[in-house]
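A.B. asks: One structure follows; several queries about it will come next.
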Amino acid sequence: MIRFINKNSLVLIYSFLIVSTLLVYWQTQGFDFVNYDDSFYVYENEHVLKGLSLDSVIWAFTTNYQGYWQPLTWLSLIINSHLFGPGAGGFHLINVLLHLVNSLLLFAVLKKMTGSVWKSAFVAVLFTLHPMHVESVAWIAERKDVLSTLFLFLSLYTYTHYVRFASIIDKVKASKTKQNINVFYFLTLLFFLCGLLSKPMLVTLPFLLLLLDLWPLGRFNPVNMNKPLSPKKQKISASQNNVSITNNLIIEKLPFFILSLVSGIITFFSQNAGAAILDTDKIPLIGRIINALASYASYIAKLFWPVRLAVNYPLNFNSIAAISWWQTALFVLLLVGITFLSLVFWKKRKYLSVGWLWFLGTLVPVIGFIQFTGSAYADRFTYIPYIGLFIMIAWGVPELISSWSYKNHALAIGSAVVIALLGILSFQQTSVWKNGVTLFSHATRVTVNNDFAYNNLGSAHEKLGQLEDAVAAYRKAVQINPDFNQAYYNLGNAYSGLKRYEAAVTAYQQAITLQPDFANAYYNLGNAYMNLSATKEAAESFARAIELKNDFVDAYFALGSAYLDLNANQEALEIYLKLIEINPNSEEAYSDMSIAFFSLGRYEEAIGSLKKALEIKPDYIGAHINLGFFYLKAGDKKAALEEYKILKAYGVQQADQLYEMIQEQ
């Protein structure tokens, strides 16, 4: 049996990675979108939904929508939509396949770098099945995670080939070898660029390559000297050689560092332009440092105890204030202690230092010194960093128990138990992502005072028409965070859906108090007032919405209608004229403006306005109905009769009423 396993180890390992990935994640084929960024990335994004076209490709490469310049991620979603349609299943499928390919590539890369089959396999299995990685795979909006990691592993794979050829180029002067080294260097750089164009978190790759040069590639080791030297001269020569090698390896990475710098600058300005970077006054520097230390500790804890995982972990003054000084001291002691120990064992166990620095370094862009997410930390951020810790475990544990008599049995049984437990936990965690209700209900259960989760849970209920449940969730959100203006706004919408307009007014007013420039809140407040027959207050709210957002088309329509109800016909006419300036091809604007003209007794202009509406939309039934009656009011029975014939042909009920009035006149 053991001989069979060793003989067929690669087939068995690749097969296990494929089967385990599908067992855990195939369930996502029946999952829906979730109401957390999926709307921006897919189901409300017209550029993605219309599929592959020249316009969509141009948009992908020119937009910083969602605060990132990530053209390849957008392009992958566009192609996904083009091939599989707008349903969630196709997007989930590609995420799962990308994760599967990433697992296979990780194993291939580590095996090629280290020559160790089973340790590399264990790292790949941990990467495949760890519950902390579920978020990156099961969340459609995190396509950027699995896609950028694909390019990361491709970069490492081609870099390994590059190093191999670089190590023999002095021994083999063949031009083919030189061509190979240039090709693999270029491919490594190209895949790195593609990774940055998928997600800028890959900016740490140049440092990662230098770490891998240390171990397992061993490129910092000084070359053997051709002639014997005295011990003193050997030491000096080795030192000089080390400096030379280090300089050469850093110079070799300069193009990678330049790409990282450019990507970082673009990301910073894109995030600023998209208002994605949180105001530093909300979370001061000392608070962000404390949160970063706590996040590192949390990631380490969840590596070994991956339970109570959530899509969001609240970050606010209260959550940071809850971290005591002694807890902060423990976090510092933990990080410094592990760093110290990894350096102590540097000479004989370089994998400890490399794995630890891999973990620390690749988390730096998302550790929270600059706040992008508003979350204390996130499971998805571990997708790449955990590989460093996996390496420490895969190489460290066998060495730790190397003196045991039954070490092989212990490793086999222990690995099987760990893999089985991780698979079960990942399957359960994946099921949480079925839809928005399951996702955010779970988040409210496993976190404390998570106003964000309650707000999104309310939105998920509201989307399903479960308005009472939505109200309960929104009320819980504002109870936790009385300054949560968006939750008050959503609460007002839910109350409006239940026709509880007085409660809706109160909620909208609270949202406006917290955010005085909240144009949508003013607009919906106006609608609530209209339903309460408080037309004057409604008009004031609509007018304020327009002041805040002068191209707010819906608010213009609503204000015009309110003015007509108030018999402020001249004011209504002025609103419709402004609306037509904004949207000159709006048949509804011309139709509504005709009512204002008619109310002012300007029948010819009312008729002209309706004719304009019908030029834009010839089958506009409402315009034909009003035009028939307007013709009749203007005394043009012949024209009114023509409109009757048109309406009769459409089978419109008002046609008979118009005909009776024509006959009476």
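A.B. asks: Out of the residues in the stretch 169-198 meeting the condition of being modelled with pLDDT of 95 or more and assigned to a loop (DSSP other than H, G, I, E, B), tell me which one is surrounded by the fewest Cβ atoms within 10 Å (Cβ to Cβ).
C.D. replies: In this case the residue turns out to be Leu197.
A.B. asks: Mind checking which residues of the stretch 332-353 are among the hydrophobic types (A, V, I, L, M, F, W, C) and assigned to a loop (DSSP other than H, G, I, E, B)?
C.D. replies: Once the filter is applied, which keeps residues that are among the hydrophobic types (A, V, I, L, M, F, W, C) and assigned to a loop (DSSP other than H, G, I, E, B), the stretch 332-353 yields Phe345, Trp346.
A.B. asks: OK, next. Please go through the stretch 548-593 and give me each residue that is surrounded by fewer than 16 Cβ atoms within 10 Å (Cβ to Cβ), under 26 Å from Pro618 (Cα atoms) and not charged (D, E, K, R), ordered by number.
C.D. replies: Those that are surrounded by fewer than 16 Cβ atoms within 10 Å (Cβ to Cβ), under 26 Å from Pro618 (Cα atoms) and not charged (D, E, K, R): Val553, Leu577, Ile582, Asn583, Pro584, Asn585.
A.B. asks: What number of residues within the stretch 45-71 are more than 14 Å from the chain's Cα centre (by Cα) and of a type outside the set (Val, Ile, Thr)?
C.D. replies: Total meeting the criteria: 13.
A.B. asks: I'd like to know if the stretch 110-120 contains one or more residues that are under 19 Å from the mean Cα position of the chain (by Cα) and either of a type outside the set (Lys, Arg) or not assigned by TED's automatic domain parsing to the domain that holds Val19 (or both).
C.D. replies: Step one: list which residues in the stretch 110-120 are under 19 Å from the mean Cα position of the chain (by Cα), which gives none.
Scanning the stretch 110-120, I find no residue that is under 19 Å from the mean Cα position of the chain (by Cα) and either of a type outside the set (Lys, Arg) or not assigned by TED's automatic domain parsing to the domain that holds Val19 (or both), so the answer is no.
A.B. asks: One residue is enough: does the stretch 456-469 have a residue meeting the conditions of a type in the set (A, V, I, L, M, F, W, C) and out of contact with any Gly (no Cβ under 9 Å at 6 or more places or on another chain)?
C.D. replies: Here is the first cut: in the stretch 456-469, the ones of a type in the set (A, V, I, L, M, F, W, C) are 457, 460, 464, 467.
Filter once more, keeping what is out of contact with any Gly (no Cβ under 9 Å at 6 or more places or on another chain): none.
Among the residues of the stretch 456-469, not one is of a type in the set (A, V, I, L, M, F, W, C) and out of contact with any Gly (no Cβ under 9 Å at 6 or more places or on another chain), which makes the answer no.
A.B. asks: Residues of the stretch 428-473 being touching a residue at least 40 places away in the same chain (Cβ under 8 Å), closer than 13 Å to Asn490 by Cβ and aliphatic (A, V, I, L, M), which ones?
C.D. replies: Within the stretch 428-473, Ala460 is the sole residue that qualifies.
A.B. asks: Something else about it: Before we move on, is Asn567 out of contact with any strand residue (DSSP E or B) (no Cβ under 9 Å at 6 or more places or on another chain), among the polar types (S, T, N, Q) and at pLDDT 90 or above?
C.D. replies: So Asn567 fits the description; yes.
A.B. asks: Just give me the residues in the stretch 399-426 being hydrophobic (A, V, I, L, M, F, W, C), farther than 14 Å from Val125 by Cα and without any contact (Cβ under 8 Å) to a residue 12 or more places away in the chain, in sequence order.
C.D. replies: Leu400, Ile401, Trp404, Ala410, Ile413
A.B. asks: If a residue counts only when it is assigned by TED's automatic domain parsing to the domain that holds Leu610, farther than 18 Å from Gln509 by Cα and not hydroxyl-bearing (Ser, Thr, Tyr), which helices (runs of 4 or more DSSP H) contained entirely in the stretch 524-584 have at least 3 such residues?
C.D. replies: 553-565, 569-582
A.B. asks: So how many residues does the stretch 274-309 have that are modelled with pLDDT under 85 and either surrounded by 12 or more Cβ atoms within 10 Å (Cβ to Cβ) or not in a helix (DSSP H, G or I) (or both)?
C.D. replies: Number of matching residues: 13.
A.B. asks: Being in a helix (DSSP H, G or I) and of a type in the set (Phe, Trp, Tyr) is the filter here; which residues of the stretch 4-62 pass it? Reasoning before the result, please.
C.D. replies: From the stretch 4-62, those in a helix (DSSP H, G or I) are 4-7, 9-30, 38-43, 46-49, 54-62; that's our starting set.
Once the filter is applied, which keeps residues that are in a helix (DSSP H, G or I) and of a type in the set (Phe, Trp, Tyr), the stretch 4-62 yields Phe4, Tyr14, Phe16, Tyr25, Trp26, Phe40, Tyr41, Tyr43, Trp59, Phe61.
A.B. asks: Further question on the same structure: Checking the condition surrounded by fewer than 22 Cβ atoms within 10 Å (Cβ to Cβ), under 30 Å from Leu422 (Cβ atoms), in contact (Cβ under 8 Å) with a residue 12 or more places away in the chain and not charged (D, E, K, R), which residue from Leu77, Leu98 passes? Give the derivation first.
C.D. replies: Details: Leu77 fails: surrounded by fewer than 22 Cβ atoms within 10 Å (Cβ to Cβ).
Exactly one residue qualifies, and that residue is Leu98.
A.B. asks: Report, by residue number, each residue of the stretch 61-88 that is of a type in the set (Gly, Ala, Ser) and touching a Phe, Trp or Tyr at 6+ places or on another chain (Cβ under 6 Å).
C.D. replies: Ala88
A.B. asks: Moving on to the next point. What do you reckon, is Pro131 surrounded by fewer than 20 Cβ atoms within 10 Å (Cβ to Cβ) and over 21 Å from Thr204 (Cα atoms)?
C.D. replies: When the stated conditions are applied, Pro131 does not pass them.
A.B. asks: Given Thr62, Thr73, which one is at pLDDT 95 or above and in the same structural domain as Asn312 (by TED's automatic domain parsing)?
C.D. replies: After ruling out the rest, the residue left standing is Thr73.
A.B. asks: Let me ask another. Just wondering, is there one or more residues in the stretch 43-52 that are more than 24 Å from Leu196 (Cβ to Cβ) and either touching a His at 6+ places or on another chain (Cβ under 8 Å) or of a type in the set (S, T, N, Q) (or both)?
C.D. replies: Yes, the conditions are met somewhere in the stretch 43-52.
A.B. asks: Examine the stretch 622-629 for a residue that is surrounded by fewer than 16 Cβ atoms within 10 Å (Cβ to Cβ) and in contact with a helix residue (DSSP H, G or I) (Cβ under 8 Å, 6 or more places away or on another chain), and state whether such a residue exists.
C.D. replies: No; the residues of the stretch 622-629 include none that is surrounded by fewer than 16 Cβ atoms within 10 Å (Cβ to Cβ) and in contact with a helix residue (DSSP H, G or I) (Cβ under 8 Å, 6 or more places away or on another chain).
A.B. asks: Further question: Run Val448 past the list (1) aliphatic (A, V, I, L, M); (2) crowded, with 16+ Cβ neighbours inside 10 Å; (3) not assigned by TED's automatic domain parsing to the domain that holds Ala124 and report the number of the one that doesn't hold.
C.D. replies: (2)
The values are calculated or read from the model by the stated rules, or taken from the named source; none is laboratory data. Model, not experiment: these values are computed from the prediction. Quick reminder, even Gly has a Cβ in these numbers, built from the backbone with ideal geometry, and neighbours come from all protein chains shown.
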